[in-house]
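These notes concern the structure reproduced below.
The values are calculated or read from the model by the stated rules, or taken from the named source; none is laboratory data. The structure presented is a predicted model; accordingly, all values stated were derived computationally and were not measured. Cβ atoms come from the backbone with ideal geometry, glycine included; neighbour counts cover every protein chain shown.
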Amino acid sequence: MANLNRQISQRSTQIAELEAQLGEAFGEFVEMSSVMATFAARVQHDLIVLHNEILATERALADLKALRGGQGELGELVSRSPLWQLLDRSGLSIEEQYQRYGRGQRPDKPIDLPDLPPASPTLKRRYATLVAKMHPAFAKDTQDYEERQKLFARVNKAYLARDEETRRGLAEAFAGPSSTRPAVVDDAGLRAELDDRVTDLETMLIKVEGMVTEYRYGDVARIKGYADEASLSGRDFVGELQAEMKRYLISLQRECQALREGNG
């Protein structure tokens, strides 16, 4: 029994530490998102969708050339998409790129922290508690998920505004059990619940830390850097890249059409 109680105490301490780490990481993620959301949406709409079409057309062209006895195989070909050239993805074949981007595996990646006043230690601690308690990823069912989504969006808004009063009101409005000590009927059951909670928190922390890394150093962050530099001379970098991609896509479509008509 003493060993079981020690395990429960250790798990409870581990959970408290993980919840604090998760709150810190998610706070950074929310701050980055507040800066990059609009730009990331434009990249998705103006560039990624067009890039997907380029990849699909390059695959179709490679198939047509293979049918006509062209050299090389699909897996060996490398995309010449202007976006991919910009991001230096020359090591990935068209097929590998298609699998990553065309199948919905595209990561979303914004950049640096906004110019916000620092959150107080108290606000950070309480925000961490709310992340661990209210995040939609910990919902039990669809209704719970939808409720958490609404409340959590308001929690994040309050955190960005450094609004302690709003955060406190939301915490009071969310009537949920303590995340550290689940209500169970025996010690063995409690240990199992705590083990599950540790696993959930570790999984969530890894995911959020990965998102933060992508936001800070990923593709959209790199494009944002180019765009910010171009804006200093009054240029619209994303618009210029989009126009270049459209020209390349048209050239691919014409080549495909010529091959289908037997003129390639």
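Observations on the structure shown:
- Residues that are surrounded by 20 or more Cβ atoms within 10 Å (Cβ to Cβ), at negative phi and in contact with a helix residue (DSSP H, G or I) (Cβ under 6 Å, 6 or more places away or on another chain) do not occur anywhere in region 63-72.
- Restricting attention to region 131-153, the residues that are among the basic types (Lys, Arg) and exposed (fewer than 15 other Cβ atoms within 10 Å of the Cβ) add up to 2.
- Taken over region 206-264, the criterion of being more than 20 Å from LEU47 (Cβ to Cβ), of a type in the set (A, V, I, L, M) and surrounded by fewer than 14 Cβ atoms within 10 Å (Cβ to Cβ) is satisfied by ILE206, LEU232, ALA258.
- Index of the failed condition, GLY72 passing every other in (1) of a type outside the set (Lys, Arg); (2) modelled with pLDDT of 85 or more; (3) more than 25 Å from THR203 (Cα to Cα): (2)
- Residue count for region 114-135, restricted to those that are part of a helix (DSSP H, G or I) and not aromatic (Phe, Trp, Tyr): 13
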